[in-house]
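Notes to accompany the following structure.
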Amino acid sequence: MDPMNPTPPSAPTRLSDVVPADGQTRIVALTGAGISASAGLGTFRGPGGLWTGNPDLEEALHARYLPGNVPLLWQVWGGLRARAQAAGPTPGHRALAVCGTTIITQNVDGLHQDAGSAPVIEVHGSAARSRCLDRRCGWHGQSAYAVGAPDPPCPRCGGPQRPDLVLFGESLDPLVWAAAETAAQCCDVFLAVGTSAFVTPAKWLVPIARDAGALCVNVNIDDMPPPADPFHVHVIGTADSVLSQWVADG
Ligand code: OAD
């Protein structure tokens, strides 16, 4: 419990206590690394997180070090899509797909699409795609790394390719952000799953949804609410167990 925030969060044991999986309620889910944890893809923060163990790596991947850090970007993100495909979607991904939930994801692993969810708004880009390092060239397409081979030079200009991801220090695609904001403003329930809700601007979607009248529910294994807790309700548990139970209760 946060000593600065002594009000205990309400913590129902079941998601179905607060959110009906009835197909009528408009539900938007903001997902983060925690929903892919059981696929073995790892998280960023907290115990075992990529940034927790390698704070220098987080800094080294910043956009300010382009183009010098492109080989490092490939080292970190290159194999991710292939690993995700090999593991397949988790029960958490599958449950959200079964419920027809609109997905806004910070993940770049493509597992929501693999589970059959649509639409999937990828606010941080996709490890399945590459783009030319030179924005003026503008080429983008499927990453060869996604199918297990290093990316060749850009087919349009011959320059280097980079993963089509949003790096620290880069802005989100404005059209993608507009779609995320609209989805957050047009739902009855805004469900955060497996995210620390730490990174801007994605974390702002919670208060955006809340201000628009949505019930904001957080599903996380961590029982510590984020500072200035924007959620109405916390359901503590793994994404797989909480979401699978939710579908079973529906
Ligand atoms: P984080 O690593 O910041 O947070 C993962 C959250 O998932 C934590 O709150 C964990 O407690 C929770 N968690 C872990 N395992 C879980 C499980 N099995 N079930 C439910 N919850 C679980 O990951 P994100 O919030 O996704 O950005 O991080 C946001 C962004 O920060 C990422 O997209 C990435 C990173 O820097 C970029 O690379 C641009």
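The values are calculated or read from the model by the stated rules, or taken from the named source; none is laboratory data. All values reported here derive from a predicted model rather than from experimental measurement. Every residue, glycine among them, receives a Cβ derived from its backbone with ideal geometry; neighbour counts consider all protein chains shown.
Of the strands (runs of 3 or more DSSP E) lying entirely inside the stretch 134-250, the ones with 1 or more residues being farther than 26 Å from Ala95 by Cβ are found at 140-142, 161-165.
Within the stretch 60-80, the set of residues being touching a residue at least 12 places away in the same chain (Cβ under 8 Å) and out of contact with any Lys or Arg (no Cβ under 9 Å at 6 or more places or on another chain) comprises Ala60, Leu61, His62, Ala63, Arg64, Leu72, Val76, Trp77, Gly78, Gly79, Leu80.
I'm checking my understanding of the structure. Among residues of the stretch 123-133 that are within 24 Å of Phe198 (Cβ to Cβ) and assigned to a loop (DSSP other than H, G, I, E, B), which one is farthest from the ligand (Cβ to nearest atom)? Reasoning before the result, please.
Restricting attention to the stretch 123-133, the residues satisfying the condition of being within 24 Å of Phe198 (Cβ to Cβ) are 123-127.
Still in the list and also assigned to a loop (DSSP other than H, G, I, E, B): 123-124.
On the way: Val123: 8, His124: 4 Å.
Taking the candidates together, the pick is Val123.
Scanning the stretch 105-132 for residues that are surrounded by fewer than 17 Cβ atoms within 10 Å (Cβ to Cβ) and either under 16 Å from Gly78 (Cβ atoms) or touching a Cys at 6+ places or on another chain (Cβ under 7 Å) (or both) yields a count of 0.
Look at the stretch 41-56: where a residue is of a type in the set (Lys, Arg) and a partner is near the ligand (Cβ under 6 Å from one of its atoms), sitting 6+ places away or on another chain with Cβ atoms under 8 Å, you get Arg45/Ser196; Arg45/Phe198. Return yes when Ala84 is touching an Asp or Glu at 6+ places or on another chain (Cβ under 6 Å) and crowded, with 19+ Cβ neighbours inside 10 Å and no when it is not. When the stated conditions are applied, Ala84 passes them. Would you check if there is a residue in the stretch 47-66 being modelled with pLDDT of 95 or more, more than 14 Å from the chain's Cα centre (by Cα) and basic (Lys, Arg)? So far as the stretch 47-66 goes, yes, one or more of its residues are modelled with pLDDT of 95 or more, more than 14 Å from the chain's Cα centre (by Cα) and basic (Lys, Arg).
Of the residues that sit in the stretch 185-235 and are acidic (Asp, Glu) and under 21 Å from Leu15 (Cβ atoms), which one is farthest from the ligand (Cβ to nearest atom)?
Going through the qualifying residues, I end up with Asp188.
Out of the stretch 161-176, which residues are more than 9 Å from the ligand (Cβ to nearest atom), closer than 25 Å to Val219 by Cβ and in contact with a helix residue (DSSP H, G or I) (Cβ under 9 Å, 6 or more places away or on another chain)?
At the first step, the residues of the stretch 161-176 found to be more than 9 Å from the ligand (Cβ to nearest atom) are 161-164, 169, 171-176.
Next cut, closer than 25 Å to Val219 by Cβ only: 172, 176.
The answer is Leu172, and nothing else.
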